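Engineer: This is the structure I have questions about; it appears just below.
The values are calculated or read from the model by the stated rules, or taken from the named source; none is laboratory data. This is a predicted model, so every value here is computed, not measured. Ideal geometry is used to build each Cβ from the backbone, glycine not excepted, and the neighbour counts take in all protein chains shown. Just the protein is used for accessible areas: all its heavy atoms, side chains included, with ligands, DNA and RNA removed. Shrake-Rupley method; radii C 1.70, N 1.55, O 1.52, S 1.80 Å.
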Amino acid sequence: MDESQLNESQRLAIYRIQRKVLERAIRGDGLVSSMELLCREIEQNLKEDRALCSILLLDGQRLKHCAAPSLPQAYCEAIDGVIIGEGVGSCGTALFRQEQVVVTDIATDPLWQDFKALAKENGLGACWSTPIIASDGTVLASFAIYYPGPCAPSRLHFYLIEAFSALALLVIDHYRLAEQQARLTAALGKINARLTAVMQVIPDVAIVLDQSGCYIDFSGDTFELITPPDTLWGQSIENLFEPELAKQVMRVARETLATGEMQIFEYEVMTEGERRVFEGRTAIVDGFYSDGRDDAYVLWMAREVTTRKVAEEKAARLALFDALTGLPNRRHAEEQLEHLLEEVNRGYASGAVMFLDLNDFKRINDSLGHQQGDLLLQQVARRLEDQTRRSEMIARLGGDEFIVLLREPLTGKNALAESAAAAARRILDCFNAPLENQGHGYSVSVSVGIALAEKPGLKTEDLLRNADAAMYEAKRIGGSRFAFFEESLQREADRRLDLERRMVQAIRNMHFVTYFQPQLTPGGAVFGAEALLRWFDPEEGAIPPDAFIPIAERAGLIYQLQDIVFEQSCQVLAELREKDRLPPAFRLAINISPLQLQNSELTERLDFFLAKYDLTADRFTLEITENLLMGQQQESFQQMQALRQRGFRFAIDDFGTGYSSLAYLHRLDVDQVKIDKSFIRELGETAAGEAIVDSVTALSKSLNLEVIAEGVETELQARILHEKSLSGLQGFLYARPMHSAALMDYLGQSPQKQAST
Ligand code: C2E
Ligand code: CA
Ligand code: CA
């Protein structure tokens, strides 16, 4: 049967019911109300039959009462919650089978076996049930028509059942979808609330960019610090950022879109002159808009990391830069040198390493105190930095040692050497003017050692060692100058190291012996002798003091050597006294190295040996070099003062070779001046030699200082000196330095040589 077979009033009735029910559903009344209306309308329509309608929902596997306005309350309650299945009445079975079940006589139908008593009690005789199944296959409900007695459906009935169950499906589905939507909306609302809360607490700024780099959306609040948010919408980052940064962000955005992978990048923004560092993370957002555009967008989370960045940079600086001067440190310099040598090895560049060591910095540092010394080092660093060129790198190795790396385009050895020499001269010259510290001027000078990396194959440590050796050579030949490293210098450096090791051994084995060189009055009387240390090496033979004293000083072995000299000098005096051969005014001259005068132990050691051998200080003259007395050397002066009070006399050794001039002489609190042998050598050869001797003698005399000429080798020199009325003479012409036993004989054999005082 189809619609065309219905009469007009039947058709109208169906339309009326449909309209009423749909209206109510659309109005938003509850599902139950709509379904109850549906039931009543159908019952009304089939009232001659005394039909009763019921709608049961399927809740999982259970029947759930929905609408059955005319069925007895008790029956509805009994059915509610029953699990569907085969033989669970008409509805339970229909829902279970997912097909229409028509029971014309409940009393006899096996499907009602378990429920027929209940049906009978409630006056129900037939039940036709139809499952309501959604288009997606979900079984939603059953629509049933009951009759008080046995009854079979007519064709019209079937038609009506089909029409009304379709209507029921429409309404139930409507509510189901509405419910689903409400649930989804609620869930979305919760997710949104959660996201909002998250966005509130995270310090990040979230930005959505479209493919052309325009702002689509953003959230987070630190952002307004950079650009006011309301000016951002639709703007391209190219208009907002520096071109470099905009390019970087666009590159990352494109990478994100291309790979779909999260990108992490760091970038910097200057706001009001302040540098701020951000960490950006990007992710792809598919279909940011809900309007069906299927474009992909880029979500860009920006987090300010300035504080962390600054801390990281500081840590990095500390690792690579010297804390005191801010210059690159040793590690940094070595790394750079590695790079430089790589270039040299590939034939891209030439390079040189220069080692700088401040002259006498220890003295300044000790006299000023370390705090002031540090300030001075900072000034030194600034000076060095100021004259550093682009092709150079200056670093502080530690203490008063600096290093300069020179990178030159590939050139020949000579050109490279020239550049390096020019750089070294600049370094030396930058200290021409004294440094200022608390109103005092300090003259600082450096010695520079240069090692060239002009050929491939050199290693970092080689170059550093070579430059260091060259620097020592520069010091050895006078300081305040530069020296190149060469093969011969390396041998020298090796030898120095070797000597140092052997010296320790030699001290233990007593291979050091003090020799004595007599000193005479112009009249030929011996008034003293200079103690000169000798090292007799079993293999190498005699090693001259000029070769080992500087090494001993640097290695800290000088104190032990000086003890040997003191002790053996005291022994000689004691022995002479014992043998009754000690002339009354006989003195020994002892060379004191500058380091020792700074060390307060000197006085203690001298006291110790004087006491041990029961000698007095007036038996000794301490020879010091004039350089030692330059500058402000508080400790040395104090120690000198203390020693003078004990009765030690002082002599200026090698006078005329150091920095001081005659003008300084009166400031020096000494008793004797020894004119350096280089001037004596010139006597009779050049007029200058004699002029120097004359002026030194004249000035010394006026200052009441004794003058001694040393290194007298020839009769001619002796004759000239005799006319100068000096206090004393010393040289090979009279006697060479000799063993103590020989001195014993020398003094014993020639009593006429002794001073007559
Ligand atoms: P100096 O203090 O100038 O010592 C004098 C040097 O001149 C000695 O060399 C001596 O042997 C040498 N000499 C003496 N007469 C003549 C001469 O007529 N002609 C020539 N050409 N030379 C002469 P020496 O013993 O080799 O000592 C060299 C330097 O080593 C000394 O120079 C001194 O500065 C240092 N020295 C030697 N012994 C000691 C020591 O015990 N302690 C310290 N601190 N330095 C020492
Ligand atoms: Ca001397
Ligand atoms: Ca001398």
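Engineer: Taking the alpha-carbon set of the chain, what are its Rg and Dmax in Å?
Structural biologist: Gyration radius and largest Cα-Cα distance of the chain: 55.8, 173 Å.
Engineer: Work out from phi, with θ = phi - 60° and the Karplus expression 6.51 cos²θ - 1.76 cosθ + 1.60, the ³J(HN,Hα) of each residue of region 146-160, listed in order in whole Hz, and give x for Gly and Pro.
Structural biologist: Those phi angles translate into 9, 10, x, x, x, 7, 10, x, 8, 5, 4, 4, 4, 5, 5 Hz.
Engineer: Please express the shape of region 191-311 as an equivalent ellipsoid: the semi-axes are the square roots of 5 times the eigenvalues of the C-alpha gyration tensor, given largest first in whole angstrom.
Structural biologist: Rounded to whole Å, the semi-axes are 22, 17, 14.
Engineer: Can you list the trypsin sites (Lys or Arg not before Pro) in region 1-91 that are in a DSSP coil and have 16 or fewer other beta carbons within 10 angstrom?
Structural biologist: The qualifying sites are R50.
Engineer: Could you check how much of the accessible area of region 178-221 is carbon and sulfur, as a whole percent, using a 1.4 Å probe?
Structural biologist: That fraction is 61 percent.
Engineer: State to the nearest 20 debye the size of the charge dipole of region 151-303 about its Cα centre, where the only charges are +1 on K and R beta carbons and -1 on D and E beta carbons.
Structural biologist: The dipole magnitude comes to about 800 debye.
Engineer: In terms of modelled amide H atoms, which long-range or inter-chain residues lie less than 5 Å from the amide H of G149?
Structural biologist: Residues meeting the amide H criterion: G125, A126.
Engineer: Could you calculate the FRET efficiency of S70 with A283 from 1/(1 + (r/R0)^6), where r is the beta carbon distance between them and R0 is 60 Å, rounded to 0.05?
Structural biologist: The formula returns an efficiency of 0.50 here.
Engineer: Additional query: Along the three principal axes, how long is region 500-748 when you take its alpha carbons, biggest first, rounded to the nearest angstrom?
Structural biologist: 48, 43, 37
Engineer: For the chain, what is the percent of antiparallel DSSP beta bridges, rounded to the nearest 5?
Structural biologist: Counting only bridges with both partners in the chain, antiparallel ones make up about 75 percent.
Engineer: Hey, another quick one. Mind listing the phi-derived Karplus ³J(HN,Hα) values for region 32-38, rounded to whole Hz, using 6.51, -1.76 and 1.60 with θ = phi - 60°, and x for any glycine or proline?
Structural biologist: 4, 4, 5, 6, 5, 4, 4
Engineer: Also, I was wondering about something else. Report, in debye and to the nearest 20, how large the dipole of the chain comes out about its Cα centre when Lys and Arg carry +1 and Asp and Glu carry -1 on their Cβ.
Structural biologist: Its charge dipole is roughly 800 debye.
Engineer: Setting aside same-chain residues fewer than 8 positions from K579, which lysines have a Cα under 30 Å from its Cα?
Structural biologist: Result set, ordered by chain and number: K612, K753.
Engineer: Can you give me the distance in nm between label points at L188 and R605, each placed 7 Å from the Cα along the Cα-to-Cβ direction?
Structural biologist: Going by the 7 Å Cα→Cβ label model, 9.4 nm.
Engineer: Taking only DSSP H segments of four or more residues, each worth -39500 (n - 2.57), what value at 222 nm results for the chain once the sum is divided by all its residues, to the nearest 500 deg cm²/dmol?
Structural biologist: -14500 deg cm²/dmol
Engineer: I'd like the FRET efficiency for R251 and E272, computed as 1/(1 + (r/R0)^6) with the beta carbon distance as r and R0 of 25 Å, rounded to 0.05.
Structural biologist: For R251 and E272, the calculated efficiency is 0.40.
Engineer: When N is the residue count of region 47-201, what does its C-alpha Rg come to as a fraction of 2.2 N^0.38 Å?
Structural biologist: 1.28
Engineer: My understanding is that a pair violates if its Cα-Cα distance is over 25 Å; which of K309/K459; K20/K47; K20/K190 do that in this structure?
Structural biologist: Listed pairs above 25 Å: K309/K459; K20/K190.
Engineer: Would you kindly state how much longer the chain becomes between R16 and M199 on full extension, computed as 0.36 nm times their sequence separation minus their alpha carbon distance, in nm to one decimal?
Structural biologist: Answer, rounded to one decimal: 60.5 nm.
Engineer: Karplus couplings for region 261-277 from phi (6.51 cos²θ - 1.76 cosθ + 1.60, θ = phi - 60°), rounded to Hz, Gly and Pro as x?
Structural biologist: Once rounded to whole Hz, the list reads 9, 5, 10, 10, 8, 10, 8, 10, 10, 9, 10, 6, x, 10, 8, 10, 10.
Engineer: How high is the relative contact order of region 500-748, in percent, with contacts defined as C-alpha pairs under 8 Å that are six or more residues apart?
Structural biologist: 20 percent
Engineer: Can you tell which of F586, T714, G137 lies farthest toward the positive end of the dipole of the chain, using +1 and -1 charges on the Cβ of basic and acidic side chains (Lys, Arg; Asp, Glu)?
Structural biologist: Of the listed residues, the answer is F586.
Engineer: If you add up the charges near R581, with Lys and Arg at +1 and Asp and Glu at -1, over every other residue whose beta carbon is less than 11 angstrom from its beta carbon, what do you get?
Structural biologist: -2
Engineer: Where does the charge balance sit around P150 when Lys and Arg score +1, Asp and Glu -1, over other residues with C-beta under 13 Å from its C-beta?
Structural biologist: Value of the local net charge: 0.
Engineer: What does DSSP give for region 523-626 in terms of the percent of beta bridges that are antiparallel, rounded to the nearest 5?
Structural biologist: Roughly 25 percent of the DSSP beta bridges within region 523-626 come out antiparallel.
Engineer: While we're looking at this one, here's another question. Taking the Cα centre of region 3-183 as origin, work out the dipole magnitude from +1 charges on Lys and Arg Cβ and -1 charges on Asp and Glu Cβ, in debye rounded to 20.
Structural biologist: 340 debye
Engineer: Something else now. Going by amide H atoms built from the backbone, whose H comes under 5 Å of the H on R587, apart from near neighbours?
Structural biologist: Residues meeting the amide H criterion: G528, A529.
Engineer: Let me ask another. Which whole number in µm²/s is D for region 379-484 by Stokes-Einstein, with the Kirkwood Rh taken over Cα pairs at 25 °C and 0.890 mPa s?
Structural biologist: Estimated via Stokes-Einstein, D reaches 169 µm²/s.
Engineer: Okay, moving on. Using the basic label-point model (7 angstrom from Cα toward the beta carbon), what is the E723 to R508 distance in nanometres?
Structural biologist: Result: 5.7 nm between the two label points.
Engineer: With the crude spin-label approximation of a point 7 Å out along Cα→Cβ, what separation in nm comes out for Y746 versus E242?
Structural biologist: Those two pseudo-labels are separated by 7.9 nm.
Engineer: Hand me the trypsin sites (Lys or Arg not before Pro) from region 276-336 located in a DSSP loop with no more than 12 other Cβ atoms within 10 Å, in residue order please.
Structural biologist: R293
Engineer: Something else now. Putting +1 on Lys and Arg Cβ atoms and -1 on Asp and Glu Cβ atoms, find which of Y515, P550, L177 reaches farthest to the positive end of the dipole of the chain.
Structural biologist: Y515
Engineer: Over the chain, what is the mean sequence separation of C-alpha contacts under 8 Å (at least six apart), divided by residue count, expressed as relative contact order in percent?
Structural biologist: Reported as a whole number, the value is 6 percent.
Engineer: Set Lys and Arg Cβ to +1 and Asp and Glu Cβ to -1, take the dipole of the chain about its Cα centre, and tell me which of V696, I106, S740 lies farthest positive.
Structural biologist: So the residue furthest toward the plus end is S740.
Engineer: Sticking with this one: Name the residues whose placed amide hydrogens come within less than 5 Å of the amide hydrogen of A453, ignoring near sequence neighbours (fewer than 5 apart) on the same chain.
Structural biologist: Those lying under 5 Å, H to H, from A453 are G351, A352, V353.
Engineer: Looking at the chain, which Cys residues are left with no other cysteine's beta carbon under 4.7 Å from theirs?
Structural biologist: Among the cysteines of the chain, those whose Cβ sits 4.7 Å or more from every other are C66, C76, C91, C127, C151, C214, C430, C570.
Engineer: Tell me, what is the FRET efficiency for K579 and D366 to the nearest 0.05, using R0 = 45 angstrom and their Cβ-Cβ distance as r?
Structural biologist: 0.55
Engineer: Now for a separate question. What length, rounded to one decimal in nm, is gained on full extension from Q61 through to D386, with 0.36 nm per residue of separation minus their alpha-carbon distance?
Structural biologist: Result for the pair: 108.0 nm of gain on full extension.
Engineer: Taking 0.36 nm per residue of sequence separation and subtracting the Cα-Cα distance, how much length would be gained by fully extending the chain between I477 and D295, in nm to one decimal?
Structural biologist: So the extension gain works out to 57.7 nm.
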